[in-house]
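Asks: Dumping the structure here so I can ask a few things about it.
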Amino acid sequence: MLDFRLACFINTIAYVILVYLLYLIINKCNKVNPILFFLLHIAIFFFQPAFYDAVIWKTGSANYLWGTLFCFIFIYRYYSYYRMGARSDNLAKSVQIFVLGLIAGWTNENMSVAIIIYVVLCLFLLFLEKKQVPRWAIVGLIGVSIGCILLLTAPGNYIRLEVTKRGLAERGLVGYDLLYLSIRNTMKYLWHYVLPLLFIYLVFLFLYYKSPKNLLVRRQIIISSVLLILTAIIAHLAMIVSPMFHLRSLFGIIILLIASIGLIYANIDYRKIHIKVLNFLMINILFLIFGWTYYKQYNDVSTISSFWHNREDFIKEQKNKGIDTIVFTERSPMEHKYFIYEMSTEPNVWENIEYSRYYGVRWVKAPSKHN
């Protein structure tokens, strides 16, 4: 396995590349705008309901952060061609986009299906506008479709689905109850996390529409942003087929929505004084809120980190005394929003078993809440 610090560094690079890709999409054909780059990070930080789960947690990031990164590397080619045209159309380009499509289609189920729709819509737009459809664009569609099929037909998917269904069946949820649960969760997340971003999009779209712009450029930008929104909604609705999904599953969907909002925001005409003042106030308020939130959460995570390091020291002390059955004396200062949970008060629960095995003791358990 990778050294923890090296894994953190590589993850950080992946996150920065993802934000930079968003910046390239949003700020295409505009002047360099470093504030916009930082605003994108703030938007991801605030609007992702499971930022720590999808970006900081290594297992979660392997699926959601990295998966979304590959998806955006892939769709950027189509977006860029639609906006700018003229890309080389040779064998090397086709091979490259096929491999990228294969990887993007093999990331996670809802994003894979949505990306196929995005590519199909892009090709349809090119056809409607009587623009040339390059060979690499068709090859990319084939690649992402194959990747998606391989993902959806993987045996592990069916095993996981059966395990989930079995667990829900033990709670009395079968048949139509499962369908109701899926629809309810999908609609709940749509209401809480997707619709607020759609409202923000409409506000910026109104301001953009009032801005003086070249009609062709305006049309391209609005169509591009709507394509991203449709892709996000399709990715969200695709989760109905899953009886249970976590908030981290929304990561790619929220990124798509942020990209569509950012695309409109970056092209608003800020020469009007009232829009310029509102933008200035918004940026400064966001920076202040971000700074305070970051400071507070850094302190929270530092406290939790110190607590678990103290536990490690306690285990070493007990082992030096020849004690291999360990009952901790204090409970963790749990912060559920960081997805850090206390271990069980029973030593035979799997988390405790693995923790004991890692530290080379017979068993460990947390103290009771009433202690």
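Asks: Taking segment 1-37 as the search range and keeping residues that are within 17 Å of I283 (Cβ to Cβ) and assigned to a loop (DSSP other than H, G, I, E, B), which one is nearest to the chain's Cα centre (by Cα)?
Replies: N27
Asks: Evaluate segment 7-16: report whether one residue or more is within 28 Å of I221 (Cβ to Cβ) and in contact with a Pro (Cβ under 9 Å, 6 or more places away or on another chain).
Replies: The answer is no, given that none of the residues of segment 7-16 is within 28 Å of I221 (Cβ to Cβ) and in contact with a Pro (Cβ under 9 Å, 6 or more places away or on another chain).
Asks: Here is a check on your reading of the model: is L278 modelled with pLDDT of 90 or more and not hydroxyl-bearing (S, T, Y)?
Replies: Criteria not met by L278.
Asks: Which of the following residues is outside any helix (DSSP H, G or I) and closer than 23 Å to A232 by Cα: T68, T107?
Replies: Only one candidate passes the filter, namely T107.
Asks: For I26, work out the one condition from (1) loosely packed, with under 15 Cβ neighbours inside 10 Å; (2) under 30 Å from F127 (Cβ atoms) it doesn't fulfil.
Replies: It fails just one condition, (1).
Asks: Filter segment 41-53 for residues that are over 12 Å from I254 (Cα atoms) and in contact with a Leu (Cβ under 9 Å, 6 or more places away or on another chain); which is surrounded by the fewest Cβ atoms within 10 Å (Cβ to Cβ)?
Replies: Among residues in segment 41-53 that are over 12 Å from I254 (Cα atoms) and in contact with a Leu (Cβ under 9 Å, 6 or more places away or on another chain), the one surrounded by the fewest Cβ atoms within 10 Å (Cβ to Cβ) is I42.
Asks: Identify, from the list L91, L151, L161, L141, the residue that is touching a helix residue (DSSP H, G or I) at 6+ places or on another chain (Cβ under 7 Å) and at pLDDT below 95.
Replies: Of the residues listed, the single one that is touching a helix residue (DSSP H, G or I) at 6+ places or on another chain (Cβ under 7 Å) and at pLDDT below 95 is L151.
Asks: For the condition over 30 Å from Y209 (Cα atoms) and part of a loop (DSSP other than H, G, I, E, B), what is the one hit in R311, R271, R331?
Replies: When all the criteria are applied, what remains is R331.
Asks: Separate question: Could you tell me whether segment 272-279 includes any residue that is within 30 Å of R357 (Cβ to Cβ) and free of Cβ contacts under 8 Å to residues at least 60 places away in the same chain?
Replies: No: segment 272-279 contains no residue that is within 30 Å of R357 (Cβ to Cβ) and free of Cβ contacts under 8 Å to residues at least 60 places away in the same chain.
Asks: Any residue that is within 19 Å of P49 (Cα to Cα), free of Cβ contacts under 8 Å to residues at least 24 places away in the same chain and surrounded by fewer than 17 Cβ atoms within 10 Å (Cβ to Cβ) - is there at least one of those in segment 199-221?
Replies: Scanning segment 199-221 turns up at least one residue that is within 19 Å of P49 (Cα to Cα), free of Cβ contacts under 8 Å to residues at least 24 places away in the same chain and surrounded by fewer than 17 Cβ atoms within 10 Å (Cβ to Cβ).
Asks: Further question on the same structure: Residues in segment 108-132 that are within 27 Å of S242 (Cα to Cα) and either out of contact with any Cys (no Cβ under 7 Å at 6 or more places or on another chain) or surrounded by fewer than 19 Cβ atoms within 10 Å (Cβ to Cβ) (or both): how many?
Replies: 9
Asks: Further question on the same structure: Does segment 242-251 contain any residue that is part of a helix (DSSP H, G or I), surrounded by fewer than 20 Cβ atoms within 10 Å (Cβ to Cβ) and not aliphatic (A, V, I, L, M)?
Replies: Looking for residues that are part of a helix (DSSP H, G or I), surrounded by fewer than 20 Cβ atoms within 10 Å (Cβ to Cβ) and not aliphatic (A, V, I, L, M), one finds none in segment 242-251, hence no.
Asks: While we're looking at this one, here's another question. So the check is Cβ under 8 Å with 6+ separation or different chains; which pairs have a first residue in segment 51-62 that's touching a residue at least 40 places away in the same chain (Cβ under 8 Å) and hydrophobic (A, V, I, L, M, F, W, C) and a second one that's surrounded by fewer than 19 Cβ atoms within 10 Å (Cβ to Cβ) and outside any helix (DSSP H, G or I)?
Replies: Once the first residue is touching a residue at least 40 places away in the same chain (Cβ under 8 Å) and hydrophobic (A, V, I, L, M, F, W, C) and sits in segment 51-62, its partners that are surrounded by fewer than 19 Cβ atoms within 10 Å (Cβ to Cβ) and outside any helix (DSSP H, G or I) give W57/F339.
The values are calculated or read from the model by the stated rules, or taken from the named source; none is laboratory data. Computed from a predicted structure; not experimentally measured. Heads up, the Cβs are rebuilt from the backbone with ideal geometry, glycines too, and the neighbour counts pull from every protein chain shown.
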